[in-house]
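The values are calculated or read from the model by the stated rules, or taken from the named source; none is laboratory data. Quick caveat: nothing in here was measured; it's all calculated off a predicted structure. All Cβ positions, even for glycine, are placed from backbone atoms using ideal geometry, and neighbour counts span all protein chains on display.
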Ligand code: PGD
């Protein structure tokens, strides 16, 4: 099976949202909002954009009836099929709703009934009064750290309707910035903190050596825990899918591709790559084994290490074992990572003798001590001496948002300002005394007010948060250790959520507001996070569904109640904001030597495309640094690649030494005292974006027995008496969930795979520890920080066991809205 066959949809075909129309079509007259007609057309096609790409929406009689991918999308994602369903699905939030006990008893009443689905419909006026009143009460009673508005999540693209910036804007103007913010993200929590120490930049969100250069110059392309064929379907802004033609071109060259991964992922299948089925969580050991081989055989590039790096001499005693008595030989590594020592040596020699690109994903840093993985990868690449050469070195973003697709000469849109005052470090306090925490420690914060925590050289105490306000994210999907989280949430007095889907996060809230989806409002966005090949008018496709309102309008109305409407809106409506953003970006055009259409012409055309300059087709990451390290130094203290970091040394952390180090994780296969026999690989899903689209017809293409699929090696399945299609219970000391067995030798023995993003669906009763009956893998994962340095999440460090589920499995509940009362 090729990846292309797997995740692309027809470019020409118009997709009918079959199940959406089936379920909601009959309700058509009532699901349209009553307000003035704002949709772009009543009949015809409307262009818009999404995380899954640009598309044309077909509208007939004011109803959305089909989707046609943009004709210039080189690889439209099949996930587009789920979009209409997400807008019109039975899990749609229709009205403002308040948890009954909260409505009757006020903040903090019976928090253990959160998640039980007992909601009462209220009017918009009542809901907005409740929220504004509660923001005031919490802020007056508990001071500037009473409200948590870190509110992380992938929301929807669109520069104006960025609900998270809008939330913070409302609080910055309405409450003087008196709220707790959060820094970092769940994608690259460890890498984005360690990489500035090592390379002087974030690295993970930066342009890669471009694909045309890779196709031309790379001999060996390594995907180390990366699955770009799967994950490039989506982007943070509007996806361009620019990597797919180049991946096909690389495949056609017949050059070598190696995938180091516990499962033979879609990329391995697409390239028919050599598969190295490593034990999860042991990549640093394997890299050390390769580094040792290079050094022992004098294959490392001593000249490169001398000129472009610092600290190799301090790392070397560790590598050879001089400092700790343990030489990190290939044999030593093989014991840990279960890749044969001879294979480790062979790969080290191959990488050294060929132009090799080490392209890594982010799963290997979303682990306990995850800082070490990318640091060691850089160190290995430095020893190979190819950083800054065409097609060589390392890349941390080929799998994300089509990193490596050449960059066009585009104008850049400004984002929606959050009004300033947001705090983005743990101990930096803003004028009103509010603070910020590393994002993935949110549950730790709620549980342990006043407790001290470390973060990247700083130390601060957790605030005592009483209220959480979440928009555009699904923490009851993305955060680890669900049961710990359910319990911690009970300490909060008030939880407010805006979403358009009844996610578990909405179900565990007190006040739930129905937001519009991106297709019920107008917006503007870049196409291609790295390629920036176009700007698209995200035109409103249909009228708001039921009583849904734009986050912007909701926050404007709350601002009104807080006396700050004018500051929040600047007196501008939706189209005035969009026009302003475009016209501000257009002022960059002369300096770029390009002309762009007027706003009115752009809006009428729906899209404006940009050319890729020839020099951008040749871009080599770190080419300038290699050319002249004195005039093009890195942003590190030494200006060089830091294999040893004096700054990290000064921090003195016991869980993040000053050079890359193999450190035993909390738990791993083959690790001492491993209590459960299977590692759970919590990869990103093939047919949704995190939890987005889980509530749609796309689920029918992958669910097994109505549950999230669980990939199991045949030997492991046989040992547990499980056959294909069985429902299994997966469990450990932290939690339990059901899943549907898929038996396949594409996953290595000892590892099972359940994708993140399955909607959490606790069995009725919903008490802490309840069986999750759909398959949220974060019922099983640990909620610990990667280390004191980055405090990133460890969603990929998890052992569990499984068994065939006995008896009748309860039907999932989570895909229907709670009863309307
Ligand atoms: P999404 O499913 O994208 O997940 O976590 P994230 O919270 O980003 O949730 C976005 C929510 O925003 C959806 O419920 C959607 O309906 C809502 N939404 C969309 N548009 C709007 C809007 O305009 N307004 C409002 N109000 N709401 C909107 C993802 C996170 O999960 C990430 S980024 C990563 S990388 C992590 N990955 C893993 C992993 O690999 N393994 C594990 N175990 N756990 C992970 N968790 C993390």
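Taking the range 759-781 as the range and being at pLDDT below 95 and on the phi > 0 side of the Ramachandran plot as the test, the residues that pass are 765, 766, 769.
Which ones in the range 123-167 are more than 13 Å from the ligand (Cβ to nearest atom) and at positive phi? Hit for the range 123-167 is 143, nothing else.
Condition check ((1) within 30 Å of residue 377 (Cβ to Cβ); (2) away from the ligand (no atom under 16 Å from the Cβ); (3) surrounded by 15 or more Cβ atoms within 10 Å (Cβ to Cβ)) across all residues:
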{"residue": "631", "(1), (2), (3)": "yes, yes, no"}
{"residue": "636", "(1), (2), (3)": "yes, yes, yes"}
{"residue": "688", "(1), (2), (3)": "yes, no, yes"}
{"residue": "706", "(1), (2), (3)": "no, yes, yes"}
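In summary, helices (runs of 4 or more DSSP H) completely within the range 85-201 and bearing 2 or more residues that are touching a residue at least 60 places away in the same chain (Cβ under 8 Å) and under 30 Å from residue 380 (Cβ atoms) occur at 191-198.
Here is a yes/no grid of residues against (1) within 14 Å of the ligand (Cβ to nearest atom); (2) more than 23 Å from the chain's Cα centre (by Cα); (3) under 26 Å from residue 441 (Cα atoms):
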{"residue": "179", "(1), (2), (3)": "no, yes, yes"}
{"residue": "184", "(1), (2), (3)": "yes, no, yes"}
{"residue": "187", "(1), (2), (3)": "yes, no, yes"}
{"residue": "201", "(1), (2), (3)": "no, no, yes"}
{"residue": "204", "(1), (2), (3)": "yes, no, yes"}
{"residue": "207", "(1), (2), (3)": "no, no, no"}
{"residue": "215", "(1), (2), (3)": "no, yes, no"}
{"residue": "218", "(1), (2), (3)": "no, yes, no"}
{"residue": "222", "(1), (2), (3)": "no, no, no"}
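The set of residues in the range 777-821 being part of a loop (DSSP other than H, G, I, E, B), closer than 25 Å to residue 114 by Cβ and in contact with a helix residue (DSSP H, G or I) (Cβ under 6 Å, 6 or more places away or on another chain) consists of 783, 793.
Somewhere in the range 501-523, is a residue more than 24 Å from the chain's Cα centre (by Cα) and over 22 Å from residue 415 (Cα atoms)? Yes - at least one qualifying residue is present in the range 501-523.
Scanning the range 578-590 turns up at least one residue that is more than 16 Å from the ligand (Cβ to nearest atom) and within 30 Å of residue 61 (Cα to Cα).
Please go through the range 285-329 and pick out each residue that is more than 27 Å from residue 367 (Cα to Cα) and not in a helix (DSSP H, G or I).
Result: 297, 298, 299, 300, 301, 322.
Residues checked against (1) over 28 Å from the mean Cα position of the chain (by Cα); (2) closer than 27 Å to residue 38 by Cβ; (3) touching a residue at least 60 places away in the same chain (Cβ under 8 Å):
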position: 539; (1), (2), (3): no, yes, yes
position: 557; (1), (2), (3): yes, yes, yes
position: 562; (1), (2), (3): yes, yes, yes
position: 568; (1), (2), (3): yes, yes, yes
position: 580; (1), (2), (3): yes, yes, no
position: 584; (1), (2), (3): yes, yes, yes
position: 600; (1), (2), (3): yes, yes, no
position: 612; (1), (2), (3): no, no, yes
position: 621; (1), (2), (3): no, no, yes
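Taking residue 518 as the residue in question, decide whether it is over 16 Å from residue 150 (Cα atoms) and out of contact with any helix residue (DSSP H, G or I) (no Cβ under 8 Å at 6 or more places or on another chain). Yes. Here 344, 364 are screened, and the one residue that is touching a helix residue (DSSP H, G or I) at 6+ places or on another chain (Cβ under 7 Å), assigned to a helix (DSSP H, G or I) and within 16 Å of the ligand (Cβ to nearest atom) is 364. Set side by side, the residues 459, 507 differ, and just one is within 16 Å of the ligand (Cβ to nearest atom) and either buried (at least 23 other Cβ atoms within 10 Å of the Cβ) or over 30 Å from residue 546 (Cβ atoms) (or both), which is 507. Answer yes or no as to whether residue 374 is under 18 Å from the mean Cα position of the chain (by Cα) and assigned to a helix (DSSP H, G or I). Answer is yes for this residue.
Can we say residue 177 is surrounded by fewer than 21 Cβ atoms within 10 Å (Cβ to Cβ) and on the phi > 0 side of the Ramachandran plot? Taking the combined requirement at face value, the residue does not satisfy it.
Conditions tested, residue by residue: (1) touching a strand residue (DSSP E or B) at 6+ places or on another chain (Cβ under 8 Å); (2) over 23 Å from residue 696 (Cβ atoms).
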| position | (1), (2) |
| --- | --- |
| 722 | yes, yes |
| 734 | no, yes |
| 739 | yes, no |
| 744 | yes, yes |
| 753 | yes, no |
| 762 | yes, no |
| 772 | yes, no |
| 777 | yes, no |
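Are any of the residues in the range 476-488 at pLDDT 95 or above, surrounded by 24 or more Cβ atoms within 10 Å (Cβ to Cβ), part of a loop (DSSP other than H, G, I, E, B) and within 14 Å of the ligand (Cβ to nearest atom)? Yes, the range 476-488 contains a residue that is at pLDDT 95 or above, surrounded by 24 or more Cβ atoms within 10 Å (Cβ to Cβ), part of a loop (DSSP other than H, G, I, E, B) and within 14 Å of the ligand (Cβ to nearest atom). Where residues in the range 672-686 are out of contact with any strand residue (DSSP E or B) (no Cβ under 9 Å at 6 or more places or on another chain) and within 15 Å of residue 711 (Cα to Cα), which of them is nearest to the ligand (Cβ to nearest atom)? Once the filter is applied, the top-ranked residue is 684. Here residue 311 meets the list (1) at negative phi; (2) out of contact with any helix residue (DSSP H, G or I) (no Cβ under 7 Å at 6 or more places or on another chain) almost entirely, failing just condition (1). Considering only residues in the range 580-603 that are touching a strand residue (DSSP E or B) at 6+ places or on another chain (Cβ under 9 Å) and farther than 26 Å from residue 177 by Cβ, the one that is surrounded by the most Cβ atoms within 10 Å (Cβ to Cβ) turns out to be 582. Of all residues in the range 36-62, exactly one satisfies the criterion of being crowded, with 21+ Cβ neighbours inside 10 Å and at pLDDT below 95, namely 39. Residue 752 meets all of the listed conditions (1) under 23 Å from the mean Cα position of the chain (by Cα); (2) surrounded by fewer than 22 Cβ atoms within 10 Å (Cβ to Cβ); (3) within 22 Å of residue 281 (Cβ to Cβ); (4) more than 11 Å from the ligand (Cβ to nearest atom) but one, namely (2).
For the range 771-782, check the following and say yes or no: at least one residue is more than 14 Å from the ligand (Cβ to nearest atom), under 15 Å from residue 484 (Cα atoms) and either free of Cβ contacts under 8 Å to residues at least 40 places away in the same chain or under 26 Å from the mean Cα position of the chain (by Cα) (or both). Yes: the range 771-782 contains one or more residues that are more than 14 Å from the ligand (Cβ to nearest atom), under 15 Å from residue 484 (Cα atoms) and either free of Cβ contacts under 8 Å to residues at least 40 places away in the same chain or under 26 Å from the mean Cα position of the chain (by Cα) (or both). Among the residues of the range 733-749, those identified as touching a residue at least 60 places away in the same chain (Cβ under 8 Å) and under 12 Å from residue 769 (Cβ atoms) are 734, 735. For residue 252, the conditions (1) closer than 29 Å to residue 76 by Cβ; (2) surrounded by 19 or more Cβ atoms within 10 Å (Cβ to Cβ) are fulfilled apart from (2).
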